[in-house]
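One structure is given below, encoded as structure tokens.
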Amino acid sequence: MCNDYRLEVDVASIAEDFEDLKIKIKFTEGIPNLPPRADIKITDPGIIVRTSAEGRAFGDLVQRRWSWPGPNGKPVYNFRSESREFTSGRCLIVADGFYEFTTPAGPQKRRKDKWLFTKRGEPIFCIAGIWRQHPQVGEAFTMLTLPPGPDVAPYHDRQIAVLDRNRWADWLDPNVPAREVLRMLPEGSLAVEQVG
């Protein structure tokens, strides 16, 4: 599953992109001071937009930790979405790429191939997530997963829930059923290239 993603777009550009969708970004904790990053890994801080008390036309952009400790101590960084509604704690995880890893055939099995997935024609995209308060780490988020779409299936048997742009506001609205928003993207929506 996805344990590494990318965000190299600056916060001002992110706010503009949301504005184009009629979602007003609020910086209730100030503008996050995060540099562009090619690799955001489990437990790193990431930028999320969460439901605002002011309604679906607003999103609260904050910086939070990716993953919280699970019951066995392992980080909860991906979470299955099937048969769940997520009536609270929804968030959008802002990214411009995510990675999957495959093991090549042959004698070099110890080395993993790294594949970068980006959204065709879009500078950023959003991954459906949830956030919660955890007694050990404070507020943290995790990515929701689905069965793989046609672009990811050759590389992995699950994938993170990349949302269509016109569903971002719907995901921030807990009154919109999750099953209506969490859908597989059509074939060709994601571009893939080998990066390592």
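The values are calculated or read from the model by the stated rules, or taken from the named source; none is laboratory data. Just so we're clear, the structure is a prediction, and the values are computed from it rather than from any experiment. Here the Cβ is made from the backbone with ideal geometry for all residues, glycine too, and neighbour counts use every protein chain on show. Ligands, DNA and RNA are excluded from the accessible area calculation, which covers all protein heavy atoms including side chains. Shrake-Rupley method; radii C 1.70, N 1.55, O 1.52, S 1.80 Å.
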Just to confirm my numbers, what's the Cα centroid distance between region 1-62 and region 118-179 in Å? 13 Å
Connecting every pair of Cα atoms under 10 Å apart in the chain and solving the GNM, the largest mean-square fluctuation among ASN175, ASN78, ASN33 falls on ASN33
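For region 2-82, what is the Kirkwood estimate of the hydrodynamic radius, computed as the reciprocal of the mean inverse distance between distinct Cα atoms, to one decimal in Å?
Computed over Cα pairs of region 2-82, the Kirkwood hydrodynamic radius comes out at 14.1 Å.
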Sequence of LYS22, LYS112 from largest to smallest accessible area, 1.4 Å probe: LYS22, LYS112
Ranked from the most accessible area to the least, with a 1.4 Å probe and all protein chains present, what is the order of LEU182, LEU21? LEU21, LEU182
Whenever you get a sec, compute what percent of the accessible area on the chain sits on carbon and sulfur atoms (1.4 Å probe). 49 percent
For the modelled label position 7 Å from the Cα of ARG80 along Cα-to-Cβ, which residues of region 157-196 have backbone nitrogen atoms closer than 17 Å? 157-161, 179
Projected onto their principal axes, the Cα atoms of the chain stretch, largest extent first, over whole-Å spans of 56, 39, 36
Can you give the angle from 0 to 90° between the axis of helix 11-20 and the longest principal axis of the chain, with both taken from C-alpha atoms, to the nearest 10? 70 degrees
Select from ARG56, ARG64, ARG111 the residue whose mean-square fluctuation is largest in a Gaussian network model of the chain (Cα-Cα springs shorter than 10 Å). ARG111
Ordering LYS119, LYS74 from largest to smallest accessible area (1.4 angstrom probe), what's the sequence? LYS74, LYS119
Which entries in LYS24/LYS119; LYS41/LYS74; LYS41/LYS112 show an alpha-carbon gap greater than 18 Å? LYS24/LYS119
Mind grabbing the accessible area of GLU187 for me, 1.4 Å probe, Å², rounded to tens? 150 Å²
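Residues of the chain: accessible area per residue at 1.4 Å, in Å²?
Dividing the accessible area of the chain by its residue count gives 49 Å².
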Can you tell me how much longer the chain between GLU180 and ILE42 gets when fully stretched, taken as 0.36 nm per residue apart minus their C-alpha distance, in nm with one decimal? 46.9 nm
